[in-house]
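Enquirer: Sharing a structure with you now.
The values are calculated or read from the model by the stated rules, or taken from the named source; none is laboratory data. These figures come from a predicted structure and were not determined experimentally. Cβ placement follows ideal geometry from the backbone for every residue including glycine, while neighbour counts extend to all protein chains displayed. Accessible surface is based on the protein model in full, side chains and every heavy atom, while ligands, DNA and RNA are left aside. Shrake-Rupley method; radii C 1.70, N 1.55, O 1.52, S 1.80 Å.
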Protein chains: 2
Amino acid sequence: MRSGVWFPAAGLLAWLCCLGLGPVQGGKVLVMPVDGSHWLSMKILVKELSRRGHEVKVLVPESSLLIQGSDGYTTEVYKVPYTQAELDENMNNLRAGLFDGQPGIGDLFVNIDRLVQFTSLQSVGCDALLDNKPLMDKLRGEGFDVMLTDPFLPCGSVLAHLFSIPAVYFLRGLPCELDIKANKCPSPVSYVPKFFSGNTDQMNFPQRMKNMLMSFLESYVCTVLYKHFDDLVSRRIQDGMSYKELISHGAIWLLRYDFVFDWPKPLMPNMVLIGGINCGKTAPLPADLKEFVDGSGDDGFIVFTLGSMVSNMPEDKAKLFFDAFRKIPQRVVWRYTGDLPKDVPKNVKLMKWLPQNDLLAHPKAKVFMTHGGSHGIYEGVCNGVPMLMFPLFGDQGDNVHRMVSRGVAAKLNVFDMTTEKLVDALKEVIYDKGYKERMVKLSQIHLDRPVEPLDLAVFWSEFVMRHKGAPHLRVAAHDLNWFQYHSLDVVGFLVFIFVTVLWVTLKSCLFCTRKCCGKRSAKKKSE
Amino acid sequence: MRSGVWFPAAGLLAWLCCLGLGPVQGGKVLVMPVDGSHWLSMKILVKELSRRGHEVKVLVPESSLLIQGSDGYTTEVYKVPYTQAELDENMNNLRAGLFDGQPGIGDLFVNIDRLVQFTSLQSVGCDALLDNKPLMDKLRGEGFDVMLTDPFLPCGSVLAHLFSIPAVYFLRGLPCELDIKANKCPSPVSYVPKFFSGNTDQMNFPQRMKNMLMSFLESYVCTVLYKHFDDLVSRRIQDGMSYKELISHGAIWLLRYDFVFDWPKPLMPNMVLIGGINCGKTAPLPADLKEFVDGSGDDGFIVFTLGSMVSNMPEDKAKLFFDAFRKIPQRVVWRYTGDLPKDVPKNVKLMKWLPQNDLLAHPKAKVFMTHGGSHGIYEGVCNGVPMLMFPLFGDQGDNVHRMVSRGVAAKLNVFDMTTEKLVDALKEVIYDKGYKERMVKLSQIHLDRPVEPLDLAVFWSEFVMRHKGAPHLRVAAHDLNWFQYHSLDVVGFLVFIFVTVLWVTLKSCLFCTRKCCGKRSAKKKSE
């Protein structure tokens, strides 16, 4: 018997039937970036897409931190109802008190509160853009093929939906694993450690218990953290739609990690790992810097930064660092814009901005002193430089934990650090050859890949443009509610059937037994 | 407080610490293939590894079906306690009765029984190899870097373990999802359809129920199907070790599918999709064949094969095909070695072996009539030729189901086919342009990939050689039992704590209430 064509996956079939077949040679890319360090790596992809002939337009709020125009792409500046000073104050709020105390479980709530303040301001900016009808009409009219955005903030996903274009997400991960949850990626609590849990992928019973409790906490955090986003989505797209539901429609998730950095865990077909995208190319060092590091002799030099957001610290903390650097033979290149002591050691070069990756690529680089941002970590790994790490906030504690557990870094808490502890730690990382050996091996594994991360990111962005999405990589789990996803309805029904059959059988047996006994007793009586 | 280097993932750290760092330029590859169609695609990788300068040795049983020597690689023939005639009879058993009835749930058990007979014979062959001490000593002495094997049969994995070399697996998938289970890959029954269930990834309640019941059946099938393998592993490696446990140590799983063919589902970091590896290159057609298909005019031609194992069919069945071909204007190239009728139609060319991929690449190829083996399907997809499919046994029913649900193929059951049904089906696939259009789109999606499957397979084989495995891609779930994996111990403990606290609270309340009431009633009495 011949069966006709069966069309269960209606979306996929519509995609196969009705869409154009020709590849997009020069596509139109709309970019909604997230400001700060997030932008630094996305910019690399934006520039490369532009270099390969795509028309790229980056949406930039009037008040911004690091996003600027470039020869490579055009920008569209939109008005926001906050000033640069207000934004800066908001950012200062985010990094306030970093050097005061050891990050702990309590900091989770402080961090969440600050994050909500920061993202609320950004949501307000998004509302301003969405209300800007002339600009919205202009953008809609331009017929973009794809939205490239970082779902850390919601505006890009909202725009993609409103303009009916597929979205490509570019991120390290979202707070409380919203990316994993939205993409229906399994993440068993028994071996996938939760953020802030301090666990690795190898957990004993108490650690697994902690991990599970953290997963309950995570659900609460998600609710608090994404309330503004849910409101925005509900107001702008569909009443009752959550932010998680909106981003679940992302065509491709470009994720800035790999399993040299993260612990191995399940993936989904539309998750593309591009860890290390930010350390592809190195440029020559400026002459004075080159002279400084070239002249560091056999002792080599140390690169010290605390990330794009933190170039300053309290004077007493800075003194500890200066004192420690005085006691070591290595030279130090330090990104520092704070107050200077009278006697800055001669082996220390202070700079407002470091060519971090180029410095780490120098053969005399011995240690990378870093806060543990994912960008810096990958630059350390790419160049095989062991690290001394000072986690400050956000995902840094967990990032550092990953590197320390691989034996390629040591960790110091900035808040109770002493000069002696710092000197000891530096000596350990420099003179215990194990750190360097393991880091070189880790670096080799990281760099041994079939496609460079930047090429992979470009490929999948172009794929989405060529085929107007990637629904063949979207799991059908998105069409199920959590009850159905976990087969609870099926299990419930089977249990019901089983219990009913058992009950009927028991009742029948009892009935038969009574009948038999009744007959026997009647017989006895008659006898 | 500075934390020292923490070593939880001992295996990974040992890997980072102690293994050589240099890449293997020309590695030594031991290959334990599975005979029949499995070998046809593995051979492509074997030849390519050899071409790229690796020393490749293929282990071949004295009695075999399709495995032969080549200029590209060396073979090591080992004695087996069965003759070629016995092997052929065993194979004939496997394909007996294919044209007699519609495959159904009952065929599952027939297929299992035949499969067990086939694999038992192969297990006996494996035992003979393992008992061949001179050959085993010789192989062990050669210092191979990697074992390339198809875990459909157990000998390769056993040898890899005995020789302490990492294993790279090359497969389409294992019966009853043993590959998925062994690799701890999540596979939710709510949207990942079970083999033989007839489901797609979009299931309603009864279908999800069926899927769950099939998963129970699968557990039973696994036990029956792999009993011989479990025995072999238990005898040869470690008492009580199962085959699943052994293959869970595979470094990389090269899987011959992608999400153009299969429905999207979770993956693990060490699963590499190489679907379509078998249709990379085309060669010119032999002169007579070229003349035949070139001369097919606007009507074009049909390619008809039922796979490497089935080149014959009962005379009455063959007659139906000959009669149908007489009624269509297309020419037909048919792999057929059975008895010929007196009047073979002129538009039919019968051959003993077809250059299938080269024929399908011809612009005049209109339809691919196939049994639905995964190799053939990919050759159809690569070349954008819609299909008319006749599933016979094994995974073919499910493969065909995948293609039909994408609207790129129609299906006929060989057992109740008539000439009219066949002619109608051919006309539908040829003249309903939707089939061709969807297939071209599917083909474009399949071919639009960042790395060619063959290059990807070579890359990961070489990666395993260079780094002596890939433990950074192995999830920690392997170190948990099923109870721990599903966090049942943690949930149990939390429930216990909750119930205890509840009980103590209730008891305390009751105690207090009684005290209060007691006092009151005593007071009343005294009053």
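Enquirer: Per residue, how much accessible area does the stretch B:197-260 have with a 1.4 Å probe, in Å²?
Expert: Per-residue value: 41 Å².
Enquirer: A further question on this structure: Using DSSP, restrict attention to beta bridges with both residues in the stretch A:287-447 and report what percent are antiparallel, rounded to the nearest 5.
Expert: Values: 0 of 18 bridges.
Restricted to the stretch A:287-447, the bridges split so that about 0 percent are antiparallel.
Enquirer: Where does each of B:HIS38, A:HIS375 land when they are ordered by accessible area, with a 1.4 Å probe and the largest first?
Expert: Details: B:HIS38 55, A:HIS375 35 Å².
Sorted descending by solvent-accessible area, the residues read B:HIS38, A:HIS375.
Enquirer: Quick check: with the 1.4 Å probe, what order do A:ASP323, B:ASP432 take by accessible area, largest first? Walk me through the numbers on the way to the answer.
Expert: Values: A:ASP323 40, B:ASP432 70 Å².
Output order, biggest surface exposure first: B:ASP432, A:ASP323.
Enquirer: For B:MET351, list long-range residues whose amide hydrogen, built 1.01 Å from N in the peptide plane, is under 5 Å from its own amide hydrogen.
Expert: B:TRP334, B:ARG335, B:TYR336
Enquirer: With r defined as the distance between the Cβ atoms of A:ASP316 and A:LYS352 and R0 fixed at 25 Å, what FRET efficiency is calculated, to the nearest 0.05? Provide the component values of the computation, followed by the final result.
Expert: On the way: r = 22 Å, r/R0 = 0.87.
Computed FRET efficiency for A:ASP316 and A:LYS352: 0.70.
Enquirer: For the protein assembly as shown, what proportion of DSSP beta bridges, expressed in % and rounded to the nearest 5, is antiparallel?
Expert: Details: 3 of 85 bridges.
Close to 5 percent.
Enquirer: Got a number for carbon plus sulfur as a percent of the stretch B:440-516's accessible area, 1.4 Å probe? Provide the component values of the computation, followed by the final result.
Expert: Working: 3010 of 4100 Å².
In the stretch B:440-516, the share of accessible area belonging to carbon and sulfur is 73 percent.
Enquirer: When we measure straight from the Cα of A:LYS28, which aspartates and glutamates land under 17 angstrom away, once same-chain ones fewer than 8 places off are left out?
Expert: Qualifying aspartates and glutamates at Cα under 17 Å: A:GLU48, A:GLU55, A:ASP71, A:GLU76, A:ASP137, A:GLU142, A:ASP145, A:GLU462.
Enquirer: Average partner chain C-beta neighbours within 10 Å, per residue of A:259-266? Present the calculation step by step, with values, prior to reporting the outcome.
Expert: Values: counts 9, 3, 1, 2, 7, 13, 5, 10.
Mean shielding by partner chains, rounded to a whole number: 6.
Enquirer: On a 1.4 Å probe surface of the protein chains, which of A:TRP334, A:TRP460 comes out largest in accessible area, and what is the full order?
Expert: On the way: A:TRP334 5, A:TRP460 35 Å².
My answer, sorted largest first, is A:TRP460, A:TRP334.
Enquirer: Using only protein heavy atoms and a 1.4 Å probe, report how much of B:VAL499 is accessible, in Å² to the nearest 10.
Expert: We get 80 Å² for B:VAL499.
Enquirer: Here is a follow-up. Quick one: with label points 7 Å out along Cα→Cβ, list the inter-copy distances for A:LEU494 in nm, shortest first?
Expert: Between copies, matching label points for A:LEU494 lie 2.3 nm apart.
Enquirer: Sequence-distant or interchain residues sharing an amide H contact under 5 Å with B:THR75, placed H: which?
Expert: Long-range HN contacts for B:THR75: B:VAL58.
Enquirer: While we're here: Can you compute the modelled spin-label distance between A:THR223 and B:PHE205, with each label point 7 Å from Cα toward Cβ, in nm?
Expert: 2.9
Enquirer: Determine which aspartates and glutamates satisfy two conditions relative to A:LYS319: a Cα distance under 16 Å, and not lying fewer than 8 residues away in the same chain.
Expert: Reachable aspartates and glutamates: A:ASP100, A:ASP339, A:ASP343, A:ASP416, A:GLU420.
Enquirer: Could you calculate the FRET efficiency of A:GLN117 with B:PHE216 from 1/(1 + (r/R0)^6), where r is the beta carbon distance between them and R0 is 56 Å, rounded to 0.05?
Expert: Working: r = 52 Å, r/R0 = 0.92.
The calculated FRET efficiency here is 0.60.
Enquirer: Relative contact order of the stretch A:253-375: what whole-number percent is it, with Cα pairs under 8 angstrom and at least 6 residues apart? All intermediate terms of the calculation are to be shown ahead of the outcome.
Expert: Values: 157 pairs, mean separation 36.2, N = 123.
Normalised by residue count, the contact order of the stretch A:253-375 is 29 percent.
Enquirer: As a test question: what accessible area, to the nearest 10 Å², does A:VAL224 have when a 1.4 Å probe is rolled over all protein chains in place?
Expert: Here the residue's solvent-accessible area equals roughly 50 Å².
Enquirer: Next up: Taking a threshold of 23 Å on the Cα-Cα distance, which of the pairs B:LYS210/B:LYS421; A:LYS441/B:LYS138; A:LYS364/A:LYS427; A:LYS436/B:LYS184; B:LYS281/B:LYS433; A:LYS352/A:LYS433 fall above it?
Expert: Working: B:LYS210/B:LYS421 30 Å; A:LYS441/B:LYS138 32 Å; A:LYS364/A:LYS427 16 Å; A:LYS436/B:LYS184 33 Å; B:LYS281/B:LYS433 27 Å; A:LYS352/A:LYS433 31 Å.
B:LYS210/B:LYS421; A:LYS441/B:LYS138; A:LYS436/B:LYS184; B:LYS281/B:LYS433; A:LYS352/A:LYS433, as the Cα separations exceed 23 Å there.
Enquirer: Right, something else. Counting partner chain Cβ atoms within 10 Å of every residue's Cβ in A:457-469, what's the average? List each step's numbers first, then the result.
Expert: Values: counts 0, 1, 4, 1, 0, 1, 4, 0, 0, 3, 4, 0, 0.
The shielding value for this peptide is 1.
Enquirer: Of all DSSP beta bridges located in chain A, what percent are antiparallel, nearest 5? Show your work: numbers first, answer last.
Expert: Working: 0 of 41 bridges.
If I count the DSSP bridges inside chain A, around 0 percent turn out antiparallel.
Enquirer: Quote the accessible area belonging to A:LEU178 in square angstrom, nearest 10, computed with a 1.4 Å probe and with ligands, DNA and RNA left uncounted.
Expert: Its heavy atoms expose roughly 10 Å² to the probe.
Enquirer: ³J(HN,Hα) across the stretch A:398-405 via Karplus (A = 6.51, B = -1.76, C = 1.60, θ = phi - 60°), whole Hz, x for Gly/Pro?
Expert: 6, 4, 4, 4, 4, 6, 5, 5
Enquirer: At 0.36 nm per residue, and after removing the present C-alpha to C-alpha distance, how many nm does the segment from A:ARG449 to A:LYS364 gain when stretched out fully? Display every interim value, and only then the final one.
Expert: On the way: separation 85, 0.36 × 85 = 30.60 nm, distance 2.59 nm.
Here the answer is 28.0 nm.
Enquirer: Related question: Under the rule of at least 5 residues apart or a separate chain, name every residue whose amide H is placed under 5 Å from the amide H of A:LEU148.
Expert: Amide H to amide H, under 5 Å and 5 or more residues apart or across chains, A:LEU148 pairs with A:LEU30, A:VAL31, A:MET32, A:VAL168.
Enquirer: From the residues A:PRO329, B:LEU354, A:SER157, which one has its Cα farthest along the dipole of the protein assembly as shown in the positive direction, the dipole being from +1 and -1 charges on Cβ of Lys/Arg and Asp/Glu about the Cα centre?
Expert: Towards the positive end, the residue furthest out is A:SER157.
Enquirer: Through the Karplus equation 6.51 cos²θ - 1.76 cosθ + 1.60, θ set to phi - 60°, convert the phi angles of the stretch B:211-221 into ³J(HN,Hα) values in whole Hz; use x for Gly and Pro.
Expert: Calculated HN-Hα couplings, in order: 4, 5, 4, 5, 5, 5, 4, 4, 4, 5, 4 Hz.
Enquirer: If you place +1 on the Cβ of every Lys and Arg and -1 on the Cβ of every Asp and Glu, how big does the dipole about the Cα centre of the protein assembly as shown come out, in debye to the nearest 20? Before the final figure, lay out each step's value.
Expert: Values: 120 positive and 110 negative charges, 684 e Å.
So the dipole magnitude of the protein assembly as shown works out to roughly 3280 debye.
Enquirer: Still on this model: Let me check against my output: what whole-number percent is the relative contact order of the stretch A:287-447, with C-alpha pairs under 8 Å and at least 6 apart?
Expert: Relative contact order for the stretch A:287-447 comes out at 22 percent.
Enquirer: With each run of n ≥ 4 DSSP H residues scored as -39500 (n - 2.57), what mean residue ellipticity at 222 nm is computed for the protein assembly as shown after dividing by its residue count and rounding to the nearest 500 deg cm²/dmol?
Expert: Numbers: 40 runs with 500 residues, N = 1054.
Helices in the protein assembly as shown give a 222 nm mean residue ellipticity of -15000 deg cm²/dmol.
Enquirer: Return the value, in Å² to the nearest 100, of accessible area buried between chains A and B (probe 1.4 Å, both sides summed).
Expert: Values: alone 25930 and 25900 Å², together 44190 Å².
About 7600 Å² of accessible surface is lost on pairing.
Enquirer: With a 10 Å radius around each residue's Cβ, average the other Cβ atoms per peptide and rank B:85-95, A:256-266, A:364-374, highest first. Show your work: numbers first, answer last.
Expert: Numbers: B:85-95: 14.7, A:256-266: 21.9, A:364-374: 24.2.
Descending packing order for the listed peptides: A:364-374, A:256-266, B:85-95.
Enquirer: Related question: Taking R0 as 30 Å, what FRET efficiency do you get between A:ALA96 and A:THR282 from their Cβ-Cβ distance, rounded to the nearest 0.05?
Expert: 0.30
Enquirer: Hey, which of these cross-link pairs are over 28 Å Cα-Cα: A:LYS265/B:LYS194; B:LYS194/B:LYS468; B:LYS47/B:LYS181; A:LYS57/A:LYS290; A:LYS57/A:LYS244? Before the final figure, lay out each step's value.
Expert: Details: A:LYS265/B:LYS194 23 Å; B:LYS194/B:LYS468 35 Å; B:LYS47/B:LYS181 30 Å; A:LYS57/A:LYS290 36 Å; A:LYS57/A:LYS244 26 Å.
Table pairs above 28 Å Cα-Cα are B:LYS194/B:LYS468; B:LYS47/B:LYS181; A:LYS57/A:LYS290.
Enquirer: Spin-label point model (7 Å from Cα, Cβ direction): what's the A:GLN238 to A:GLN68 distance in nm?
Expert: Label at A:GLN238, label at A:GLN68, 4.2 nm between them.
Enquirer: Quick one: if you stick a label point 7 Å off each Cα along the C-beta vector at A:ASP416 and A:LEU494, how many nm between them?
Expert: 5.2
Enquirer: I'd like the Karplus ³J(HN,Hα) series for the stretch A:437-442: coefficients 6.51, -1.76, 1.60, θ = phi - 60°, whole numbers in Hz, and an x wherever there's a Gly or Pro.
Expert: Values, residue by residue: 4, 5, 5, 5, 5, 4 Hz.
Enquirer: Ok, one more. Over chain B, what is the relative contact order in percent, taking alpha-carbon pairs closer than 8 angstrom and at least six residues apart?
Expert: Worked out over chain B, it gives 15 percent.
Enquirer: Follow-up question, since we're still on this one. Once you list every other residue whose beta carbon is under 10 Å from the beta carbon of B:MET465, what net charge do they have if Lys and Arg are +1 and Asp and Glu are -1?
Expert: Working: positive: B:LYS28, B:ARG466, B:LYS468; negative: B:ASP145, B:GLU462.
Counting the neighbours of B:MET465, the net charge comes to +1.
Enquirer: Averaged over its residues, how many other protein chain Cβ atoms are within 10 Å of peptide B:487-494's Cβ atoms? The partial results should precede the final answer.
Expert: Numbers: counts 9, 1, 4, 12, 2, 0, 5, 4.
Across B:487-494, the average partner-chain Cβ count within 10 Å equals 5.
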